[in-house]
1. If you take every DSSP beta bridge fully contained in chain B, what fraction is antiparallel? Give it as a percent rounded to 5.
2. Please work out the average accessible area per residue across segment A:63-273, using the 1.4 Å probe convention, and give it in Å².
3. When you look at the Cβ of every residue in A:133-146, what mean number of other chain Cβ atoms sits within 10 Å?
4. Taking a 31 Å limit on the Cα-Cα distance, which of the listed pairs B:Lys135/B:Lys239; A:Lys131/B:Lys397; A:Lys54/B:Lys65 fall beyond it?
5. Relative contact order for chain A: what is it in percent, counting Cα pairs under 8 Å that are at least 6 residues apart?
6. I need the fraction of alpha carbon pairs in segment A:154-279 separated by more than 17 Å, rounded to a whole percent.
7. Computing the accessible area with a 1.4 Å probe over protein heavy atoms, can you report the carbon and sulfur percentage for segment A:63-273?
8. When the chain is fully extended, how far beyond the present Cα-Cα distance does B:Ser260 get from B:Ser121, taking 0.36 nm per residue of separation?
Amino acid sequence: MPKRNNVPLAVKIVLYLFLVAVTLIWLVPIFIAIITSMRTNADIMSHGFLAMPKTIDLKSYFEAWQRGGLHKYLPNSFIITMPSLVLTLLLSSLGAYSLARFKFKGRTFFYFLFVGGTMLPFQILLLPVFKLSDALGIYDTYFALIAIHTAFQLGFCTFVLRNYMMTVPVQVMESARIDGCTELGIWGKIMLPLTLPAFAAIATLEFTWIFNDYIWPLVLIRSSEKMPVTTGLATLQGQYVQDWTVIISGALLATIPTLIVFIFLQRYFIAGLTLGSNK
Amino acid sequence: MKNKIVISVLAALFVLGMAPLFAGGQQEGAAEGGQAAEQDVVVYNSYWSDPEPKRVEAELMEMFKEQNPGVKLIHSTVAHEDFKQAIRAYLTSSAPPDVLTWFAGNRARFFIDKGLIMDISDVWEEAGWNESYSKGFRAMSSVDDKQYFLPGNWYWWAVYYDTRVFDEYDIEIPKTWDELMAVCEKLKSNGVTPFTVGTKYRWTAAAWFDYLNMRVNGPEFHINLMLGKESYDDPRVLKVFNDYWGPMIDKGYFVESPASYAWAEAIPFMTNGDAAMYLMGDFIRDSYPKEDLEYLDFFRFPIIDPSVPVGEDAPTDGYFIPKNSQNPEMAKKLLKFFGSKEVQEYVAKELGRLVTNNKVDTSVYNENQLKGREIVNAADYVAQFYDRDTTPEMADKGMNGFMEFWQNTDQAEKILEKLEKSRQQLFEE
């Protein structure tokens, strides 16, 4: 690894300028969103999005919470996301454990089944899943969303966790087995703690995906009372008139939970991304 | 140490995650308990997601609840674009909403023909709508003399203009095509773009096609074209493109690169004096800056050929009950509420739209509404709008064609040939 001092100053300056420029470009939309959220619709209408704001106030955040309905959509998002997340992680870690550590007939077949599931574009599932939920009588319930999220995310999670568990030395489990530990015990006491980084990374990812999902609630939820924040905020988009300030304030508020999860677990998220890159 | 933090975070997630499952379970239980008491329920989903209509509708819902304390009303607003997709799911599910909003005319006919909409002739009879609604609205809601639909409110299209600009250049309101062209020329020579338009979402271009085609070829030809009975490569259609629309674009009578603006983003051209007119529906009023509203006026789209009957676009929205409705009695109650004189008057006053019930006294209308009503009343034929009169698939192809034409005004023939192919495919199935 080269020492830092070896890099010429000029190169460093260029690099940093480049980094700062790219960062700014990335931040511009967020900055505009924040500014827009504090303007009024009339102001946006007559001066466009990129004008200097005439007035600045935080009223739209309260509007988003009250009139925008965030006070009911945001809890709904959690009611849907949390059980989905827990069920996905629980089931996929069990599945991954068996796929990684047991030899049984059709093991590869099941493994490919999980991998294949992730390849399936969800668009082709919209109609069958809607029909199924209708036939099962769970259409327009939280449960329908929790079930589809869990089922749909299971493939990816099992795939990642299985590959990670493969890297845990078999000897560890064998010695546990010799000491009389049950399989569930091995899973809970040895495998889970060892796969924690992967677990945390997946939890972060899955939380974001499920929390930000738009299409499934659109298909499976009919009443506003049960809508998560994504489809809920969309109801502020009219045919002709968009309630921009409230939509954007709402969207900014809705990113807070994802941010919090990310901040807490980001170390593992990044570690998870580079899993297996340096053996 | 680090692991401990992660474990506790994950544990917290777990507890948080499982809690709602149980809470959710209880809620479901409570809902079932409510049903066991056999409370009357009515589920209403609407696409009124624009801020103003949304506010008025919320007020109407309160009114309904007050009048019917025993009925549990579950009202949901769905984003307008999403609603158009979701309605297919609603209508095929075994428990659809009991009342839905929808477009009158062809778009409703599509579902009626598929047997997805409930026959509500009895409601028309009981509520006396056969007398209190005009023949036109009744025909719009009927198939084989059975009523399936309740028209609720409508608005007109017209050429909106800024009176300050017209006054400044001493411009009279144009009544004929030649006058309009003279106005455009005068404005252009004074550095004002005659028309603003934002075609990012394409339908604003369709309005131009609707009006030019109706004025040049008459509403009968236009509506037959919409129904797929006339062909797009007809020389009469080509005439609209090459003799009227194309020259306007070529002469720079429209603002530059309209496709980069949504319809409302093109309004500032008018308010800051860069452009003078906008062919638009009356909902323009909801988005026009309040301080400029007093300078906004409108006139009827000029007559091109006086021998041709006059057609106008006046999109009508209304309500229907899905065939599978679980609570048809309550649904009919809600429908009667929407069609009643009181509710219609309220909508007319609060929303500035025009309503359908003849019993509504015209004194509730303001000057604008009366003027708009007059334009439509004077018409020989009332169309809905391009994307409501023709099938959604054809509207999609057609509007793409209009956008292409806007970029390449010399390609009309080729574009229309392509549209004709689409028409044959889409209407022959």
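The values are calculated or read from the model by the stated rules, or taken from the named source; none is laboratory data. These numbers were taken from a predicted model, which means no experiment stands behind them. Neighbour counts run over all protein chains shown; Cβ positions are idealised from the backbone, glycine included. Heads up: the accessible areas ignore ligands, DNA and RNA and are worked out on the full protein's heavy atoms, side chains in. Shrake-Rupley method; radii C 1.70, N 1.55, O 1.52, S 1.80 Å.
1. 60 percent
2. Numbers: 9300 Å² over 211 residues.
Ligands and nucleic acids excluded, the result is 44 Å² per residue.
3. On the way: counts 2, 6, 2, 0, 2, 0, 6, 6, 4, 6, 4, 0, 0, 4.
Partner-chain Cβ atoms within 10 Å, mean over residues of A:133-146: 3.
4. Over 31 Å Cα-Cα: B:Lys135/B:Lys239; A:Lys54/B:Lys65.
5. RCO, chain A: 30 percent.
6. Of all Cα-Cα pairs in segment A:154-279, 69 percent lie more than 17 Å apart.
7. Of all accessible area on segment A:63-273, carbon and sulfur atoms account for 72 percent.
8. On the way: separation 139, 0.36 × 139 = 50.04 nm, distance 4.62 nm.
The B:Ser260-B:Ser121 span can extend by a further 45.4 nm.
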